[in-house]
1. With r defined as the distance between the Cβ atoms of Trp215 and Tyr270 and R0 fixed at 25 Å, what FRET efficiency is calculated, to the nearest 0.05?
2. Putting +1 on Lys and Arg Cβ atoms and -1 on Asp and Glu Cβ atoms, find which of Leu259, Ala349, Val64 reaches farthest to the positive end of the dipole of the chain.
3. Give me the distance in nm between label points sitting 7 Å out from Cα along the Cα-to-Cβ direction at Glu55 and Ile130, one decimal.
4. Going by average Cβ neighbours within 10 Å, how do the peptides 337-345, 62-70, 158-166 rank, with the highest at the top?
5. Using +1 at the C-beta of Lys and Arg and -1 at the C-beta of Asp and Glu, which of Leu175, Pro235, Leu146 has the Cα lying farthest in the positive direction of the dipole of the chain?
6. What 222 nm value per residue comes from the helices of the chain, counting each DSSP H run with n ≥ 4 as -39,500 (n - 2.57) and dividing by all residues, nearest 500 deg cm²/dmol?
7. Normalised radius of gyration for the chain, please: alpha carbon Rg relative to 2.2 N^0.38 Å, two decimal places.
8. For the chain, with only Lys/Arg (+1) and Asp/Glu (-1) charged at the beta-carbon, what is the dipole magnitude about the Cα centre, in debye rounded to 20?
Amino acid sequence: MVHTASEYPSLYSAVFERPNSLNFIRLVLATFVIFSHTPYIVAGVKVDENPLWKEFYVFGDFAVNAFFAISGFLIAHSAYRSSAGSYLVKRILRIFPGYWVSILFVIFIGGTLSVLTGHAPMGWDIPNAILYFRNNWDLSQLQYGLFNGPADVPFTSPSWNGSAWTLEYEFFCYLLLLPIFYLPFIRRHLKVFIPLAYLVSLSYYVLIQVLGYDWMTWALGLDPRNLKASARLYPFFFAGALLYLVSRRITLRPVITPLLATICTLAGFYFTWLVPHANIMQWTQIVLAFGIIALGTCLNVPLGQTNDISYGVYIYAWPVQQILVLLGSVSLGISVNIILDAIITFGLAWLSWTFVEKRAMALGRNPLVSGKKPTVQSAT
């Protein structure tokens, strides 16, 4: 029997109209971040002496790259279907309420334990607790340490929220979609402006190579670390958005698509590992974007389809591991710490999803908040 292309789903329909495992993929990626960070939180610079553990950074780098690619695809869909006000409200409610609660978790649980265990030189005080929240609440100027701690721990730079730095770039990507999808002229020519946005995002890297970090830092007012992060993350986001633009034309076929998705995902992982030695990743964002999103449509894993705890895992894993260190977990070794961190973090992430994130997202769908007119059913 010969199958026609119309009998197979498009990438668009597989993501937005059929059950898929993208939430499970994101949960795996968030777990990869635990693999990446725990060795450094538990062992500090000694990780570099271990030929195995020192390579675990690649799990975190790969996860963040993939997160941005998936986000570009999904958020472009949200922007396409929503009014500007509704889109912005939904994006704020998705990022910030859960994040704010994680800040309070650090202040009242992490901060208190650091004082009680002698790892906070300043002691617990209200002004510094308020300052910590004020500096972190809007992602604009992150403060990593609290009460000058955690101090005297393997990770020597005091940090309670070492993963939060990517959220600033994530939210800025959301803002960058506003002119693309809501200025009428640009909206009518998305086929031109989304590829153009992707090319502009690549220009960061090109200009750095041509002009150097020093000149680019001076010209854009960014420090080298922010410039490097921009050159890395924005192209992945816009690669996902570009893939969304053509997603209705991409047909997913049995055998071929799972194989190609696996190859592209593994290639993206390999290119991420090559970054310290080569620059190939800067030209292959589309490869990873297709691979990781298509892989999510090929798998049939029910875990995560109802409860999307990946964001909670991402924002709680670092402070939970620091708390474990304060309680003496270093002696248990890296492997046990990874397991303990994952178990506790998954529990906190479920609580965050159930009582904070899901309710905030539901609020974003309320007509009074989103600006959408409620549907009125006619009497029959």
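None of the figures in this text is laboratory data; all of them are computed from the coordinates on show. What you see is a predicted model; the values in this text were computed from it and never measured. Positions of Cβ are backbone-derived with ideal geometry, glycine not excepted, and every protein chain shown enters the neighbour counts.
1. Working: r = 32 Å, r/R0 = 1.27.
It comes out at approximately 0.20.
2. Value: Leu259.
3. It works out to 5.1 nm between the two label points.
4. On the way: 337-345: 19.0, 62-70: 26.2, 158-166: 20.9.
Answer by packing, highest mean first, reads 62-70, 158-166, 337-345.
5. The listed residue farthest towards the positive side: Leu175.
6. Details: 17 runs with 247 residues, N = 380.
When only DSSP H runs of four or more count, the value is -21000 deg cm²/dmol.
7. Working: Rg = 21.7 Å, N = 380, 2.2 N^0.38 = 21.0 Å.
Against the compact-globule rule of thumb, the ratio is 1.03.
8. Values: 23 positive and 16 negative charges, 318 e Å.
Result for the chain is approximately 1520 debye, rounded to the nearest 20.
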